[in-house]
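Quick notes on the structure that follows.
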Amino acid sequence: MLTSVYLARLIGPVLLAAGIGLLVNRTLYDDVVRAYLADRIWTFYAGLAGLTAGLAIVLAHRVVAPDWRLLITLLGWLMVIDGAARLIVPDAMRGLDKAWADRPFLRPVGIAATILVGAVLTIAGYWPQTPTP
């Protein structure tokens, strides 16, 4: 449980701040997407960062429980899969990124998901904990 709380306290506020930041700074979101799509090197860097962070989460946290802790495990595995895909098949991943960017009506979905997961993890990490075995 300590690892789960630690990771929730680490990941939750980052996702929450990023999601709220993207929500209130829409032009920044557009600039970030444009810069990312303008240079293929960012796909490589995103793959390295995602795979490294995802592996760190998965190695430290393999909890499959019917509660908020499952979010951390799923997030770790999604980061591993996404990061590896960006390194192995970067052009396919860039195609998916471009398809997402070409559909601006989907952006609120991504922002809302980021805020929701960030809020759940932040609350779970910082809310008074009851001891569990």
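The values are calculated or read from the model by the stated rules, or taken from the named source; none is laboratory data. All values reported here derive from a predicted model rather than from experimental measurement. Glycine gets a Cβ as well: all are built from the backbone with ideal geometry, and neighbour counts include every protein chain shown. Side chains included, ligands, DNA and RNA excluded: accessible areas come from the protein's heavy atoms. Shrake-Rupley method; radii C 1.70, N 1.55, O 1.52, S 1.80 Å.
Side notes on the structure shown:
- When 2, 22 are compared by accessible surface with a 1.4 Å probe, the order from highest to lowest is 2, 22.
- For the chain, the dipole from Cβ point charges (+1 on Lys and Arg, -1 on Asp and Glu) about the Cα centre works out to 60 debye, to the nearest 20.
- Model label zone, residue 84; criterion: amide N under 13 Å from point 7 Å along Cα-to-beta-carbon; scope region 53-71: 54-56, 58-59
- Residue 9 versus residue 58: modelled label distance in nm, points set 7 Å from Cα along the beta carbon direction: 2.7 nm
- Under a Gaussian network description of the chain, with springs only between Cα atoms under 10 Å, the residue in 117, 64, 14 that fluctuates furthest is 64.
- Distance between modelled label sites at residue 20 and residue 70, nm, 7 Å Cα→Cβ extension: 2.8 nm
- Cβ-defined net charge surrounding residue 27, 14 Å radius [Lys, Arg +1; Asp, Glu -1]: +1
- Surface share of carbon and sulfur [accessible, 1.4 angstrom probe, percent] for the chain: 74 percent
- The listed residues 88, 11, 81 rank as 88, 81, 11 when sorted by accessible area, largest first, using a 1.4 Å probe.
- All C-alpha to C-alpha distances of the chain, sorted into 5 Å bins beginning at zero, yield P(r) values of 2, 10, 16, 20, 21, 15, 9, 4, 2, 1 percent in whole numbers.
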